[in-house]
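Everything below concerns the one structure shown next.
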Amino acid sequence: LAKTTQPISMDSYEGQEVNITCSHNNIATNDYITWYQQFPSQGPRFIIQGYKTKVTNEVASLFIPADRKSSTLSLPRFSLSDTAVYYCLVGDALSNYQLIWGAGTKLIIKP
Amino acid sequence: SAVISQKPSRDICQRGTSLTIQCQVDSQVTMMFWYRQQPGQSLTLIATANQGSEATYESGFVIDKFPISRPNLTFSTLTVSNMSPEDSSIYLCSVDGTSGDEQYFGPGTRLTVT
């Protein structure tokens, strides 16, 4: 299973775009990249998933370069309600589910 | 996405006792997963439960300590046996999504062992 590396924490001003980058140098050909959001006292929530290039949904965008060794989660307008821990996972459901969770990135609002 | 509920939401238990946590899904799912998350930490997978077969445990977790049942496609239980304070944690169940890669989580069970 590919290991992921993320910043432990990040902060941003409300209203700004926030980008969290995840490194996964050993990603395999069949692996997808998935991001989750976890609020305090709740289970993680699926945000977005992608394989290559760019994926966008109503919550976020996911940018994946051609070599797929990293990915960037983009939240368009950071608000207090986005304060959470964000996890990046890689894996292939056909052979192994994305079951190895890294430390995640704690995203907090700047005062 | 599936809607998942867990019971109890929290409990305080005495050392040496056992607690069974229930996980109910509003739709049939193939795979269910049980995780442990200590305060401020990431998630650690305990086991994978596939309906009709024995659960598969990760390194460091054994069936005698964490027996799991999966009687049908919408329900599973995790028992934390012979508890010690080190078992104090949040226990989460999750299920596989329709596309297969993503997971959907329950709200968690906060366990405190005194």
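Some points to look at:
- For the residues B:Thr79, B:Thr74, B:Thr48, B:Thr44, the requirement of being closer than 20 Å to B:Cys13 by Cα and surrounded by 12 or more Cβ atoms within 10 Å (Cβ to Cβ) singles out B:Thr79.
- Top-ranked residue in segment B:20-37 [being under 16 Å from A:Ile100 (Cβ atoms) and at pLDDT 90 or above; ranked as most open to solvent (accessible area, probe 1.4 Å)]: B:Arg36
- Among the criteria (1) within 15 Å of the chain's Cα centre (by Cα); (2) of a type outside the set (D, E, K, R); (3) within 14 Å of chain A (Cβ to nearest Cβ), the one B:Ile68 does not fulfil is (3).
- Segment A:85-104, residues that are modelled with pLDDT of 95 or more and away from every other protein chain (no Cβ under 11 Å): A:Tyr86
- Filtered residue count, segment A:21-40, keeping only those that are more than 10 Å from chain B (Cβ to nearest Cβ) and either crowded, with 16+ Cβ neighbours inside 10 Å or in a strand (DSSP E or B) (or both): 6
- Filtering segment A:61-79 for residues that are at the interface with chain B (Cβ under 9 Å from one of its Cβ atoms) and open to solvent by less than 20 Å² (accessible area, probe 1.4 Å) leaves an empty set.
- Restricting segment B:4-28 to residues that are under 15 Å from the mean Cα position of the chain (by Cα) and in a loop (DSSP other than H, G, I, E, B), the residue that is farthest from B:Ser81 (Cα to Cα): B:Ser9
- Restricting A:Gly43, A:Gly91, A:Gly50 to residues that are surrounded by 15 or more Cβ atoms within 10 Å (Cβ to Cβ) and under 30 Å from B:Arg10 (Cβ atoms) narrows the list to A:Gly43.
- Residues in segment A:1-20 that are in a strand (DSSP E or B) and under 12 Å from the mean Cα position of the chain (by Cα): A:Thr5, A:Val18, A:Asn19, A:Ile20.
The values are calculated or read from the model by the stated rules, or taken from the named source; none is laboratory data. Everything numeric in this text was worked out from a predicted model, so none of it was measured. Note that each Cβ is placed from the backbone with ideal geometry, even for glycine, and that neighbours are counted across all protein chains shown. Accessible surface is based on the protein model in full, side chains and every heavy atom, while ligands, DNA and RNA are left aside. Shrake-Rupley method; radii C 1.70, N 1.55, O 1.52, S 1.80 Å.
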